[in-house]
Amino acid sequence: RVLDLKDASLLVDRAYVAGEWVGASKGRTFAVTDPFDGAVILELPDLDVEATRRAIDTAHTVQKDWAKRTAKERSQILRRWYDLIVDNADDLALILTTEQGKPLPEAKGEVISNAAYIEWFAEEAKRIDGDIIPGASPSQRILVLKQPVGVCAAITPWNFPNGMITRKVGPALAAGCTMVLKPAAQTPLSALALAVLAERAGVPKGAFSVITTTDAKPVGEEFCHNPKVAKITFTGSTNVGRWLMREAGDSIKRLSLELGGNAPFIVFDDADLDAAVEGALASKFRNAGQTCVCANRIYVQESVAEAFSAKLADKAKALKLGRGTEAGVAMGPLIDERAVAKMEEHVQDALAKGGQVLVGGKRSDLGSTFFEPTVMTGITQAMKVTREETFAPLAPIITFKDEAEVIGMANATEFGLASYFYAKDMARVWRVAEALESGMVGVNTPALANEMAPFGGVKQSGLGREGSKYGIEGFLEIKYINLAGL
Ligand code: ADP
């Protein structure tokens, strides 16, 4: 497939290993396809553990020099990378939409808003301050330094092929770490395009590698067991996160995990109902419901449930489905047929247990990766849709009587990434925000992620935070020096 890019060099058919653009070895390649129709975009090298090891070795060597550069120099290189991403945002968005499916304006939004993490951490690079603490005796002082953890390995998912990378590589490089990245096999082209721009910005060869592979497990094992890797940062499913944590435990690696969610979205009777409907629409149907912070369970207080459900159904019905590059399309395909099958299973399970479909409820005739935006009512806590992350455009509405009941239901999950609620009463806002067991709470808004805020989860949704002044801490170690004899 030919993409209409302004800069054709951003579409790459090679991997980026230890500072070299490498092709396939032994003819092993895999196809990257467009989820809209399954058309092959191009073939990439299907790399193995040997290439991963090479990337780690070089990252380990290069890291020493990178960490010795001044913070200002690292900052300037990152700033150039940010500028290049913004300058090339249209091309990056087109590459993203072609491999992932989301509407082009959404893709461009992803590119720009996540490039901001590189801008932010370029600034933070200069603020990795230590401390001087009074000593234990008059002749001593306690000095606290922050030093880069070393080589980091990143594993990223397909739902934000661009944004999940910038928010990991930005702080790593800012801190003086180097990074070996394994992007999802469905969406490696965005990662490679970012690497082209990183190289152009002056990121040293070998400081950032991109391993393209369909064989994730051996690469993951290498990340977990290679003694030169100091830290693993992962965004993806809770099951893979759990496995990585176990594997990485052997060598006590630093770990940041951003895992699954099962976000409650609560509408109280004092809420601005139209704002709540708009919020639910954005939270549930953006990226076709394939985000870890998506509203997964929508709880609406009894007295406003009917009005809310009808309004949401009307809006969902009006969403235009289609190819992400087509003007006016609000929802693209799901990533693959497995995702469609999971949505169908959740709809069927809910129907079998007494749920009703207000709108959608079936596959779309646009193709095998499409499912209609769906709103269901009569949902209970016993259904799969309230217990598992659907990761698809299914809005299940559950009614509740009072605050205590809804907080109990909202917290009845092993996940704790995001939660949302709409209410006006100030005392209620405080009470509920504090009672919800999640790392992030959106009050009267569906928007949570931005570079200035700490993104991350509690419970089985993860460890660590991305973005904000806290986001760089996971890439730094604290060293204390007891300076005596003064
Ligand atoms: P999803 O089901 O959304 O694809 P995954 O957690 O399976 O979520 O995938 C997220 C990322 O983790 C992808 O880059 C995928 O290739 C990678 N991955 C999956 N299994 C493993 C594994 N055993 N080791 C390392 N990476 C893995």
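Structure summary
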quantity	calculated
Projected label distance in nm at residue 126 and residue 412, using a 7 Å step from Cα toward the beta-carbon	5.3
Violating pairs (Cα-Cα greater than 28 angstrom) within the set 311/424; 182/384; 315/384; 315/459; 315/362	182/384; 315/459
Tilt relative to the chain, helix 49-68 - C-alpha long axis, 0 to 90 degrees, to 10	60
Cα-based convex hull, segment 309-386, per residue volume (Å³, whole number)	85
In nm, spacing of pseudo-spin labels at residue 424 and residue 469 (7 Å Cα→C-beta vector)	3.5
nm² value of the averaged projected area, convex hull over the Cα atoms of segment 132-177	4.6
Radius of gyration and Dmax over the Cα atoms of the chain, both given in Å	23.2, 79
Rel. contact order, % - alpha carbon contacts under 8 angstrom, at least six apart, the chain	18
Three-way shape label, segment 63-197, alpha-carbon gyration tensor, a/c 1.5	prolate
Residue pairs, from the table 205/253; 102/317; 217/284, whose Cα atoms sit over 20 Å apart	205/253; 217/284
Crossing angle, helix 216-225 versus the chain [Cα axis fit, 0-90 degrees, rounded to tens]	50
Angle between the chain longest axis and helix 163-175 axis [Cα atoms, degrees, rounded to 10]	30
Cα pair count fraction exceeding 14 Å, expressed as % - segment 196-265	66
Amide N of segment 61-75 lying under 16 Å from the label point, which is placed 7 angstrom from the Cα of residue 479 along Cα→Cβ	63-71
Normalised convex hull volume, segment 131-286, alpha-carbon set, Å³ per residue	213
Percent of Cα pairs exceeding the 16 Å cut-off, where the set is segment 37-115	68
Over the chain: helical MRE at 222 nm, DSSP H runs n ≥ 4 each giving -39500 (n - 2.57), nearest 500	-12000 deg cm²/dmol
Per-peptide average of other Cβ atoms within 10 Å, ordering 1-11, 469-479, 52-62 highest first	52-62, 469-479, 1-11
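None of the figures in this text is laboratory data; all of them are computed from the coordinates on show. Note that the structure is predicted; figures quoted are calculated from it, not measured. Here Cβ is always computed from backbone atoms with ideal geometry, including for glycine, and neighbour counts include all displayed protein chains.
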